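The values are calculated or read from the model by the stated rules, or taken from the named source; none is laboratory data. These numbers were taken from a predicted model, which means no experiment stands behind them. As a convention, Cβ positions derive from the backbone with ideal geometry for all residues, glycine included, and neighbour counts pool all protein chains shown. Quick note on the areas: whole protein, heavy atoms, side chains included, nothing else; ligands and nucleic acids left out. Shrake-Rupley method; radii C 1.70, N 1.55, O 1.52, S 1.80 Å.
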Amino acid sequence: MSTDFIKYQAQTSPYPLGMEVSHAIGSYIYDTNNKKYLDFVAGVSACTLGHQNKRVNDAIKNQLDKYSHVMVYGEYSQSPSVAFCKLLAEQMPDPLKKTYLVNSGTEAIEGALKLARRTTGRSQLISCHNAYHGNTMGSMSVMGFEERKQVFRPLIPDVDFITFNNETDLEKITTKTAGIILETIQGGAGFIQPENDFLKKVRQRCTEVGAMMIVDEIQPGFGRTGKLFGFQNYDVVPDIVVMGKGMGGGMPVGAFTASAEMMDLLSHDPKLGHITTFGGHPVIAAASLATLQEITETTLMADAIEKEKLFRTLLVHPLIKDIRGRGLMLAAMTEHADITNEVILKCQDRGLILFWLLFEACAIRITPPLTISEEEIREGCAIILEVMNEIVGK
């Protein structure tokens, strides 16, 4: 299978890990030799409730028995997507009450950028250095990492950048700005949290000049930081919230939420201002609804903070210089990329899945399912420390 994987499936890197997957259950993935791997990555924060969650699986199967795709987005009333959007609205502060369902996080970013321009009638977009918002052309245009963009230029015009947590840069948000887009916790840059009420100050500046504040919750969202969305930790209400990854319990999905007044602008002048064939797909929406119900009806969000404390207590080692992030969105920082690479690869050999971040080469990604147990956390951390001890002892 590995040979055919390389031969027939387009690759994203020269040296993919290439594990031959047999099945997955709970916090574990099994290869075709039936070796099990404890999953500290959760499909890069996508498998919120672990693998083969019964509530999600049952929702998918039940919906498959009723109907699958029947019409392009926004024409028919379909109960899974309606129920999901209603429950989401109940969890969101005013005026964030209307949601547009799409197929992925990057597509949701595209819709949010369009909505900011449509609402304000302005063109300038502002993002942050080292930001990551996806890889389609619009999303890439607001990516703050030139190395990944240069070979694809020209991208969309009138995009400027500020430095995350730099208050002086907020003066760049003016009456020419349609919107500023920020990750509530910078993901690819190394799980960097806002400091000194930075998000509040962004909110204030946007209100002053009439610009839209767009928050990217694609990684922090759906309980990972102890709240349903990361921005809820910082006492701000943005104009547009973008989501994806953990929203579907492992199924491909994205969405953006705003006020009804703003969202309704996409329906006229021109009509069909944003369209998608498969957005709101009933099977995917059923999985998303089950995921949201499980998160909001259990203690998983509060548990994420307690599990963070356990990780921080256990992962004490000379090779770990810092642990960044919040809840179950954590990055263990080493001194050198070579150390990070060795830890990740050796841990996989011993049955623990870790991963990298996009731009911060020294970071070890730790983003397990919210359902991971304390025993599994202890098991995985023991492997990390064992590998690090061997590195130090070489």
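The alpha carbon centroids of the stretch 223-237 and the stretch 268-283 are separated by 28 Å. Among Thr120, Thr106, Thr298, the residue with the largest mean-square fluctuation in a Gaussian network model of the chain, with springs joining Cα atoms closer than 10 Å, is Thr298.
Can you list which of the GluC sites (Glu not before Pro) found in the stretch 134-229 are DSSP loop residues with at most 12 other C-beta atoms within 10 Å? Kindly include the intermediate steps, with their values, before the conclusion.
Details: sites: Glu146, Glu147, Glu167, Glu171, Glu183, Glu195, Glu208, Glu217; in loops: Glu167, Glu195, Glu217.
Taking the stretch 134-229 and a limit of 12 other Cβ atoms within 10 Å, the loop GluC sites (Glu not before Pro) found are Glu195.
For Leu354, enumerate residues with amide H under 5 Å from its amide H, sequence gap 5+ or separate chain, H modeled in the peptide plane. Those qualifying (amide H under 5 Å, at least 5 residues apart or on another chain) are Gln348.
Tell me the per residue accessible area of the chain using a 1.4 Å probe; a whole number in Å² is fine. Can you show the working numbers first?
On the way: 17400 Å² over 394 residues.
Value returned for the chain: 44 Å² of accessible area per residue.
Solvent-accessible surface (1.4 Å probe) assigned to Asp264 amounts to roughly 60 Å².
Got the relative contact order for the chain handy, in percent, Cα pairs under 8 Å and 6 or more residues apart? Don't skip to the end; give the middle numbers.
Values: 795 pairs, mean separation 90.8, N = 394.
Rounded, it is 23 percent for the chain.
Under 5 Å from the amide H of Ser104 lie the amide H atoms of Gly254, each residue being 5 or more positions distant or on a separate chain, with H modelled from the backbone and absent for Pro and chain starts.
What separates the Cα centres of the stretch 288-331 and the stretch 39-102 is a distance of 23 Å. Helix-only arithmetic for the chain: the sum of -39500 (n - 2.57) across DSSP H runs with n ≥ 4, divided by the residue total, places the mean residue ellipticity at 222 nm at -10500 deg cm²/dmol. The stretch 157-171 and the stretch 121-155 have Cα centres separated by 13 Å. Going Cα to Cα from Lys149, which aspartates and glutamates come in below 20 Å? Please leave out same-chain ones fewer than 8 positions away. Cross-link targets: Glu107, Glu110, Asp158, Asp160, Glu183, Asp216, Glu360. In a simple Cβ point-charge model (Lys, Arg +1; Asp, Glu -1; nothing else charged), the chain has a dipole of about 480 debye relative to its Cα centre. Remark: the stretch 163-240 carries a charge dipole of roughly 100 debye about the Cα centre, counting +1 on each Lys and Arg Cβ and -1 on each Asp and Glu Cβ. Within the same chain, lysines fewer than 8 places from Lys98 are excluded, and of the rest, those with a Cα less than 29 Å from its Cα are Lys54, Lys61, Lys66, Lys86, Lys114, Lys176, Lys200, Lys201, Lys227, Lys245, Lys271.
For trypsin sites (Lys or Arg not before Pro), the sites in the stretch 1-48 that DSSP calls loop and that have at most 14 other Cβ atoms within 10 Å are Lys35. Each eigenvalue of the Cα gyration tensor of the chain, multiplied by 5 and square-rooted, gives one semi-axis; in descending order these are 33, 26, 20 Å. In the chain, taking the dipole from charged Cβ atoms about the Cα centre, the farthest positive-side position among Ile366, Pro220, Gly279 is held by Gly279. Spherically averaged projected area of the convex hull of Cα atoms, the stretch 259-304: 4.8 nm².
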